[in-house]
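Participant: What follows is a single structure, and I will ask about it in a moment.
The values are calculated or read from the model by the stated rules, or taken from the named source; none is laboratory data. Everything numeric here is computed off the predicted structure, so don't read it as measured data. Cβ atoms come from the backbone with ideal geometry, glycine included; neighbour counts cover every protein chain shown.
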Amino acid sequence: MRPKSYVPYVFLMPNLLIFSVFIVFPALFGIVYSFHKYDGLNPMEFVGFRNYASLLQSREFWEVMRRTFVYVVTAVPLIFAGALLIAMMLVQEIRGRGLFRAVYYWPVMISFIIVGLTWKWILGDSFGVVNYLLERIGLEPVKWLSDPTYAKLSVILATLWSRIGFYMVIFIAGLQSIPQDYYEAARIDGANRIRTFFNITLPLLKPTSLLVLILSVIEAFKQYPLMMALTGGGPGKATTNIVQYIYQTGFIKMQLGMASAMSVVLFVIIAVFTVFQFRLTRGGAIE
Amino acid sequence: MTARNKALLYIALIALSLLYLFPVVWVVLSSFKDANELYAWPPRLFPKHFTLENYTTALEEGNFGRYFLNSAFVTITSTLLLILINTMAGFALAKYRFKGDTFILIAIISTLMIPLEVIMIPIFKVISWLGMYNSYWGIIIPPAATPTGVFLMRQFLLTVPDDLLEAGRIDGASEWRLYTRVILPIATPVVATLAIFSFMWRWDDFLWPLIVISTPEKYTIQLALSNFIGQYDVDWGSLLAMSVVSMIPVLIVFLIFQRQFVKGIVMTGIKG
């Protein structure tokens, strides 16, 4: 007995409908918008590549992109190192492994808004407990959120706290898949810890490391809610990254064409990394 | 490992745990302090006058109950929809041979390349055209189709023998019946993983509600919180109380399904 040939299409229908209406069409519209001048109310006016041209000339846009890149290249290595270090500690034969893992993983579950809010509460310039503790040990209080440099640092801190646990889980799985024999052999050869790490752990962990790098880079490029709650993108624009900038250009300044051109630029960056991710995970499976 | 190294390891892990726990513990303890104590200098760890005042203010003046219900409605409905449509699509792609099947699979997975962040401007337009602007459906329906979900289901069902379905067909069961009575029960692990992740995604989501919802009565918790914290005169007391309450549902889900989370991340390596 064979099912009717339309059956699979019926099962796929709701999904394909949503994908086309809410992802494929908007993506195409976005590209169309990016070649137009459009305020969302008046009819669109075709301007060719002018939006892209003015983007390239816009000092503000480059500044935002530079800031976003700085955030990415600061946050990603720290997340990587932190997650790997914790994962390596947690694959040792120790008691309470599950408990420790849960503690480090738990912030992953908390929304970025609440993560931002939590850190804003403890880093607050005048009432924050961190400044109180600094004073207690004889240090000067720090303007965690109102000084541009420290605000960036605060955003990084909150990012690390909320994301390391996620990548830690991926690293633990990667580490556990390395056969113990290799370590046994290294020990017999008298290799020290550092050599073992660089000659065995890191090379054998390469697929996992790449996955973590790519995922965290994509994620860092898109980050917005965390800054939204922690610093509001400020002080000034010190922590305004690309997504927030697109949002402001599109929804507050109502320059939909311009904002779409920026989105296309962001899309290209993210797409490149996503393609890498596909290659790496064969579409999501890394078992 | 030598005993000394082991001791050092424990010390490092415990110190790190304290660092990890402190921010949340501080928020929870602060939420039980009255207005004076909240900004008292020097701050105290434990509230001197334990009070639920912030919680009642959040409920009565902050309209928190409403936001909580909004979030609950959106999260639950969206999760049910997500499970239904993604398992259906995964089933079709795993258990039928048909024209365009590979193309459709690749097309679905390719949409991973287009995160919401890069299409929020045109999405807003589409949502408005469809009359979903400022409606819960605007945050429930669009994110319900997820490539991760389709892919997980498909991969899982590829390991299930076709004989089960053949047997059902010989007994005269309809394809829909096979899906609900044979496939869904077998796919419980996938359904559970999807349910948990969807719950977390939707409960914690900020960007969709930000784009779709405009009137305060329809705010989800995250949108309400982000609005309150952007105000010039932040009422930290009720803000902290709201944060604590809104962390509880995900904490419960996390404690019950911890293993599933770990498995889910390892299987997909994808968030959102």
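Participant: Looking for something at pLDDT below 95, more than 29 Å from B:S110 (Cα to Cα), among the small types (G, A, S) and part of a helix (DSSP H, G or I) - is there at least one such residue anywhere in the range B:133-155?
Facilitator: No: zero hits.
Yes or no, residue by residue, for (1) assigned to a helix (DSSP H, G or I); (2) at pLDDT below 95:
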site	(1), (2)
B:M1	no, yes
B:K6	yes, yes
B:L9	yes, yes
B:V27	yes, yes
B:P47	no, yes
B:Y55	yes, yes
B:N70	yes, no
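Participant: When the residues of the range B:229-249 are narrowed to those that are modelled with pLDDT under 90 and surrounded by fewer than 21 Cβ atoms within 10 Å (Cβ to Cβ), which ends up nearest to the other protein chains (Cβ to nearest Cβ)?
Facilitator: B:G230
Participant: If I filter the range A:111-120 for residues that are without any contact (Cβ under 8 Å) to a residue 60 or more places away in the chain, within 23 Å of A:R163 (Cβ to Cβ) and buried (at least 23 other Cβ atoms within 10 Å of the Cβ), do I get at least one hit? Please lay out each step first, then the result.
Facilitator: Step one: of the range A:111-120, the residues without any contact (Cβ under 8 Å) to a residue 60 or more places away in the chain are A:118.
Keeping just the survivors that are within 23 Å of A:R163 (Cβ to Cβ) gives A:118.
So of that shortlist, the ones also buried (at least 23 other Cβ atoms within 10 Å of the Cβ) come out as A:118.
Checked against the condition, which is being without any contact (Cβ under 8 Å) to a residue 60 or more places away in the chain, within 23 Å of A:R163 (Cβ to Cβ) and buried (at least 23 other Cβ atoms within 10 Å of the Cβ), the range A:111-120 yields at least one hit.
Participant: So the check is Cβ under 6 Å with 6+ separation or different chains; which pairs have a first residue in the range B:107-123 that's under 14 Å from A:V268 (Cα atoms) and a second one that's of a type in the set (S, T, Y) and buried (at least 22 other Cβ atoms within 10 Å of the Cβ)?
Facilitator: Taking only residues 6 or more apart or on different chains, the pairs are B:V118/A:S263.
Participant: Further question: What's the total number of residues in the range A:51-75 that are of a type in the set (D, E, K, R) and out of contact with any helix residue (DSSP H, G or I) (no Cβ under 9 Å at 6 or more places or on another chain)? Lay out the reasoning, then the answer.
Facilitator: Applying the first criterion (of a type in the set (D, E, K, R)) to the range A:51-75 yields A:59-60, A:63, A:66-67.
Applying the additional criterion that residues be out of contact with any helix residue (DSSP H, G or I) (no Cβ under 9 Å at 6 or more places or on another chain) yields A:59, A:63, A:66.
Within the range A:51-75, residues that are of a type in the set (D, E, K, R) and out of contact with any helix residue (DSSP H, G or I) (no Cβ under 9 Å at 6 or more places or on another chain) number 3.
Participant: Let me ask something else. Pull up the range A:197-222, narrow it to residues that are more than 30 Å from A:L266 (Cβ to Cβ) and polar (S, T, N, Q), then point me to the one that is farthest from the other protein chains (Cβ to nearest Cβ).
Facilitator: Filtering the range A:197-222 for residues that are more than 30 Å from A:L266 (Cβ to Cβ) and polar (S, T, N, Q), the one farthest from the other protein chains (Cβ to nearest Cβ) comes out as A:N199.
Participant: Restricting attention to the range A:138-151, report how many residues are over 20 Å from B:V234 (Cα atoms) and modelled with pLDDT of 90 or more.
Facilitator: Taking the range A:138-151 as the starting set, the residues that turn out to be over 20 Å from B:V234 (Cα atoms) are A:138-142, A:148-150.
Filter once more, keeping what is modelled with pLDDT of 90 or more: A:148-150.
Number of matching residues: 3.
Participant: Follow-up. Look at B:I183 and say whether it is part of a loop (DSSP other than H, G, I, E, B), of a type outside the set (F, W, Y) and either at pLDDT 90 or above or over 30 Å from B:S30 (Cα atoms) (or both).
Facilitator: Details: part of a loop (DSSP other than H, G, I, E, B): no; of a type outside the set (F, W, Y): yes; either at pLDDT 90 or above or over 30 Å from B:S30 (Cα atoms) (or both): yes.
The answer is no for B:I183.
Participant: Hey, could you check the range B:107-161 for residues that are polar (S, T, N, Q) and touching a Phe, Trp or Tyr at 6+ places or on another chain (Cβ under 9 Å) and say which is nearest to the other protein chains (Cβ to nearest Cβ)?
Facilitator: Step one: of the range B:107-161, the residues polar (S, T, N, Q) are B:110-111, B:128, B:134-135, B:146, B:148, B:155, B:159.
Restricting the remaining residues to those that are touching a Phe, Trp or Tyr at 6+ places or on another chain (Cβ under 9 Å) gives B:110-111, B:146, B:148.
Details: B:S110: 9, B:T111: 5, B:T146: 9, B:T148: 6 Å.
Looking at residues that are polar (S, T, N, Q) and touching a Phe, Trp or Tyr at 6+ places or on another chain (Cβ under 9 Å), I get B:T111.
Participant: Pull up the range A:131-156, narrow it to residues that are surrounded by 20 or more Cβ atoms within 10 Å (Cβ to Cβ) and out of contact with any Pro (no Cβ under 9 Å at 6 or more places or on another chain), then point me to the one that is farthest from B:Q258 (Cα to Cα). Before the answer, list the steps.
Facilitator: In the first step, residues of the range A:131-156 are kept if they are surrounded by 20 or more Cβ atoms within 10 Å (Cβ to Cβ); the result is A:131, A:144-145, A:151, A:154-155.
Okay, now just the ones that are also out of contact with any Pro (no Cβ under 9 Å at 6 or more places or on another chain), so A:144, A:154-155.
Numbers: A:W144: 34, A:S154: 29, A:V155: 27 Å.
Selected residue: A:W144.
Participant: Moving on to the next point. Does A:T240 satisfy being part of a helix (DSSP H, G or I), among the polar types (S, T, N, Q), within 29 Å of A:L117 (Cβ to Cβ) and at pLDDT 90 or above?
Facilitator: Details: part of a helix (DSSP H, G or I): no; among the polar types (S, T, N, Q): yes; within 29 Å of A:L117 (Cβ to Cβ): yes; at pLDDT 90 or above: yes.
No.
Participant: With the requirement that a residue be loosely packed, with under 13 Cβ neighbours inside 10 Å and either within 30 Å of the chain's Cα centre (by Cα) or more than 8 Å from chain B (Cβ to nearest Cβ) (or both), what does the range A:5-27 give you?
Facilitator: Pass one, the range A:5-27, residues loosely packed, with under 13 Cβ neighbours inside 10 Å: A:5-6.
Once the filter is applied, which keeps residues that are loosely packed, with under 13 Cβ neighbours inside 10 Å and either within 30 Å of the chain's Cα centre (by Cα) or more than 8 Å from chain B (Cβ to nearest Cβ) (or both), the range A:5-27 yields only A:Y6.
Participant: Right, next: Please find, within the range B:29-45, the residue that is farthest from the other protein chains (Cβ to nearest Cβ) out of those that are closer than 19 Å to B:V245 by Cβ and outside any loop (DSSP other than H, G, I, E, B). Please lay out each step first, then the result.
Facilitator: Of the range B:29-45, the ones closer than 19 Å to B:V245 by Cβ are B:29-35, B:38.
Retained after the next criterion (residues that are outside any loop (DSSP other than H, G, I, E, B)): B:29-30, B:35, B:38.
On the way: B:L29: 10, B:S30: 7, B:A35: 12, B:L38: 8 Å.
Checked the range B:29-45; the qualifying residue farthest from the other protein chains (Cβ to nearest Cβ) is B:A35.
Participant: Another question, if that's okay. Of all residues in the range B:86-106 being at the interface with chain A (Cβ under 7 Å from one of its Cβ atoms) and among the hydrophobic types (A, V, I, L, M, F, W, C), which is nearest to A:I18 (Cα to Cα)?
Facilitator: Kept after step one, since they are at the interface with chain A (Cβ under 7 Å from one of its Cβ atoms), are these residues of the range B:86-106: B:86, B:88-89, B:91-92, B:96, B:98, B:104.
Still in the list and also among the hydrophobic types (A, V, I, L, M, F, W, C): B:88-89, B:91-92, B:98, B:104.
Working: B:M88: 13, B:A89: 12, B:F91: 17, B:A92: 16, B:F98: 21, B:I104: 13 Å.
Per the stated criteria, the residue is B:A89.
Participant: Consider the range B:1-18. How many of its residues are facing another protein chain (nearest Cβ under 8 Å) and either over 17 Å from A:M168 (Cβ atoms) or not hydroxyl-bearing (S, T, Y) (or both)? Give the steps one after another, and end with the answer.
Facilitator: Taking the range B:1-18 first, the residues facing another protein chain (nearest Cβ under 8 Å) are B:1, B:6, B:9-10, B:12-13, B:16-17.
Filter again for either over 17 Å from A:M168 (Cβ atoms) or not hydroxyl-bearing (S, T, Y) (or both), leaving B:1, B:6, B:9-10, B:12-13, B:16.
Result for the range B:1-18: 7.
Participant: Failed condition for A:Y38, given (1) surrounded by fewer than 17 Cβ atoms within 10 Å (Cβ to Cβ); (2) touching a Gly at 6+ places or on another chain (Cβ under 6 Å), with all others met?
Facilitator: A:Y38 satisfies all of (1) surrounded by fewer than 17 Cβ atoms within 10 Å (Cβ to Cβ); (2) touching a Gly at 6+ places or on another chain (Cβ under 6 Å) except (1).
Participant: If you don't mind, another one. Filter the range A:181-196 for residues that are closer than 19 Å to A:A81 by Cβ and in contact (Cβ under 8 Å) with a residue 12 or more places away in the chain and give the result.
Facilitator: Within the range A:181-196, A:T196 is the sole residue that qualifies.
Participant: Please list, ordered by first then second residue, the pairs with beta carbon atoms under 8 Å, 6 or more apart or interchain, first in the range A:158-180 and more than 10 Å from chain B (Cβ to nearest Cβ) and over 13 Å from A:T208 (Cα atoms), second polar (S, T, N, Q) and not in a helix (DSSP H, G or I).
Facilitator: Pairs found: A:T159/A:Q223.
Participant: Filtering the range B:176-194 down to residues that are within 24 Å of the chain's Cα centre (by Cα) and surrounded by 17 or more Cβ atoms within 10 Å (Cβ to Cβ), which residue is nearest to A:V7 (Cα to Cα)?
Facilitator: Here the residue is B:L184.
Participant: Could you pull out the residue among A:I170, A:I194, A:I214 that is surrounded by 17 or more Cβ atoms within 10 Å (Cβ to Cβ), part of a helix (DSSP H, G or I) and modelled with pLDDT under 90? Lay out the reasoning, then the answer.
Facilitator: Values: A:I170 fails: modelled with pLDDT under 90; A:I194 fails: surrounded by 17 or more Cβ atoms within 10 Å (Cβ to Cβ).
Just one listed residue meets the conditions, A:I214.
Participant: Kindly evaluate A:V243 against the criterion of being in contact with a helix residue (DSSP H, G or I) (Cβ under 6 Å, 6 or more places away or on another chain), under 22 Å from A:G82 (Cα atoms) and either crowded, with 19+ Cβ neighbours inside 10 Å or within 11 Å of chain B (Cβ to nearest Cβ) (or both).
Facilitator: Values: in contact with a helix residue (DSSP H, G or I) (Cβ under 6 Å, 6 or more places away or on another chain): yes; under 22 Å from A:G82 (Cα atoms): no; either crowded, with 19+ Cβ neighbours inside 10 Å or within 11 Å of chain B (Cβ to nearest Cβ) (or both): yes.
No, not satisfied.
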